[in-house]
1. If Arg258 satisfies all but one of (1) of a type in the set (D, E, K, R); (2) in contact with a Phe, Trp or Tyr (Cβ under 8 Å, 6 or more places away or on another chain); (3) assigned to a helix (DSSP H, G or I); (4) under 30 Å from Gly151 (Cβ atoms), what's the number of the condition it fails?
2. Would you pick out the residues in the range 227-249 that are away from the ligand (no atom under 16 Å from the Cβ) and either touching a residue at least 40 places away in the same chain (Cβ under 8 Å) or not in a loop (DSSP other than H, G, I, E, B) (or both)?
3. On the basis of being surrounded by 20 or more Cβ atoms within 10 Å (Cβ to Cβ), of a type in the set (Gly, Ala, Ser) and within 22 Å of Asn254 (Cα to Cα), does Ala309 make the cut?
4. Tell me which residues, restricted to the range 207-226, are more than 9 Å from the ligand (Cβ to nearest atom) and over 14 Å from the mean Cα position of the chain (by Cα).
5. Can you say whether Ala109 is touching a residue at least 24 places away in the same chain (Cβ under 8 Å), within 16 Å of the ligand (Cβ to nearest atom) and among the aliphatic types (A, V, I, L, M), as far as the supplied structure shows?
Amino acid sequence: MRLYDTATRGLRELPPAPGPVRMYFCGPTVYQRIHVGNARPFVLSMWLKRWLEDSGYDVTLVENITDVNDKIYAAAPGASAKLAADASDWYVEDTSGFGLGRPDREPKATESIPEIVAMIEQLVAGGHAYPAGGDVYFRVASFPDYGKLSGRHGDEEATRNPSEEDEAGELKDDPRDFALWKAHKEGEDTRWDSPWGRGRPGWHIECSAMAETHLGPVFEIHGGGIDLVFPHHENEIAQSRSLGHEFAQLWMHNGMLRLAGEKMSKSLGNIVSLREALETWGRETLLVYFLGGHWRKPLDYSDEVLRQAAAQAESFRNVFRQPSEPGGDWEAFATALDDDFNTPEALAILHGWRNHELLRRGLEVFGLESLAESASVPRELEELARRRAEARGRRDFDEGDRLRGEIEAAGWEVRDMDAEPGFQLVPKP
Ligand SMILES: [Zn+2]
């Protein structure tokens, strides 16, 4: 199994099974419902975990939740803790909608403060960080390899692209330095005690500390969106390697989702929430959609592309409505995934299969075995759902609700879809 590594800019072979493969993926900063673009690293990491486990690896996946930072304070002045707690629950609820299970551990920054403080103390003791007016800063000049991951060195760029965190600090010795600890400011409703006074951690140190707490000082894979390479991941490397820890061996960065040609981002405002996407298209269509793009490349999000994904999902259901035929080459499928986790190629291979058992096994890797079940909708229920769609079309919602009740009494759920035939029937959980 090999994967593209941002650090060496080439494909790297994973150690042979059973590994272990320890993975850390950067999770979201929680202050509103996540958008469908934020869901890509979640889906990628869960698929990769499933595939590696299928291939005999011992996998541990850790995905953090950043529940304290400037964006959260700004979103809910005086009540950020409540917002972060609610938004953490929304994140878990929404991503659980994929039906892919959960990472092995999902640590929150606010629950990892002792480990974070201990790491900052070690950095200060080693001369890699310095306190200044209640803040603590990492001294970039103390880490000669700074910039190797991203090819950027933090000169003007660091100050121009502050990313998640406000890094203005006039107390820095060097504009490239970044905050490990930030003194408590008026209006911030969360604070913790530290040797440098009351305050809270910077964003980057949270991930170094949480990754090492749960995976140890060396682990196989670190992942996240391509927008995190600089400064976030560059800074994680600086913090951990300054302490002599090897840290991540391979860096996976997924491409961004694009809406109408632009990167989907909260700051640009061109976002579709994951919840809305799941409600509109259903989990199966959304998963087929993600499969269609290589994880490293940008992926366009549009009704047209999602309609195509819905049609692809339907074509898999159709295979299960026909008699199974022998054939299909599992090796070809495995080779595609073992070669930089090429899901578009794996998807194309699955489309060629008519062998029910093999196809079900292949779809199961991606949490899509339900396509085999949703194919077996009883005819009379399909008829009820069609009549319900017609009733709603003529705005006869009472009749629509009555038919929905009949369908539910039979143990099925009907979902409205934009794609043909306008509804989807799924077995009630
Ligand atoms: Zn992170």
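The values are calculated or read from the model by the stated rules, or taken from the named source; none is laboratory data. Quick caveat: nothing in here was measured; it's all calculated off a predicted structure. Cβ placement follows ideal geometry from the backbone for every residue including glycine, while neighbour counts extend to all protein chains displayed.
1. Condition not satisfied by Arg258: (3).
2. Hits for the range 227-249 are Ser242, Leu243, Gln249.
3. Values: surrounded by 20 or more Cβ atoms within 10 Å (Cβ to Cβ): yes; of a type in the set (Gly, Ala, Ser): yes; within 22 Å of Asn254 (Cα to Cα): yes.
Against the criterion (surrounded by 20 or more Cβ atoms within 10 Å (Cβ to Cβ), of a type in the set (Gly, Ala, Ser) and within 22 Å of Asn254 (Cα to Cα)), Ala309 qualifies.
4. Kept after step one, since they are more than 9 Å from the ligand (Cβ to nearest atom), are these residues of the range 207-226: 209, 212-221, 223, 225-226.
Scanning the range 207-226 gives Ala209, Glu212, Thr213, His214, Leu215, Gly216, Pro217, Val218, Phe219, Glu220, Ile221.
5. On the way: touching a residue at least 24 places away in the same chain (Cβ under 8 Å): yes; within 16 Å of the ligand (Cβ to nearest atom): yes; among the aliphatic types (A, V, I, L, M): yes.
It is true that Ala109 is touching a residue at least 24 places away in the same chain (Cβ under 8 Å), within 16 Å of the ligand (Cβ to nearest atom) and among the aliphatic types (A, V, I, L, M).
A quick yes/no check of all residues on (1) outside any strand (DSSP E or B); (2) more than 34 Å from the chain's Cα centre (by Cα); (3) at pLDDT 90 or above:
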site	(1), (2), (3)
Asp398	yes, yes, yes
Asp401	yes, yes, yes
Arg404	yes, no, yes
Glu408	yes, no, yes
Glu413	no, no, no
Glu420	yes, no, no
Leu425	no, no, no
Pro429	yes, no, no
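Residues are listed down the side, and each one gets a yes or a no for (1) surrounded by fewer than 19 Cβ atoms within 10 Å (Cβ to Cβ); (2) within 14 Å of the ligand (Cβ to nearest atom):
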position: Leu3; (1), (2): no, no
position: Ala7; (1), (2): yes, no
position: Leu14; (1), (2): yes, no
position: Pro20; (1), (2): yes, no
position: Thr29; (1), (2): no, yes
position: Ile34; (1), (2): no, no
position: Ala87; (1), (2): no, no
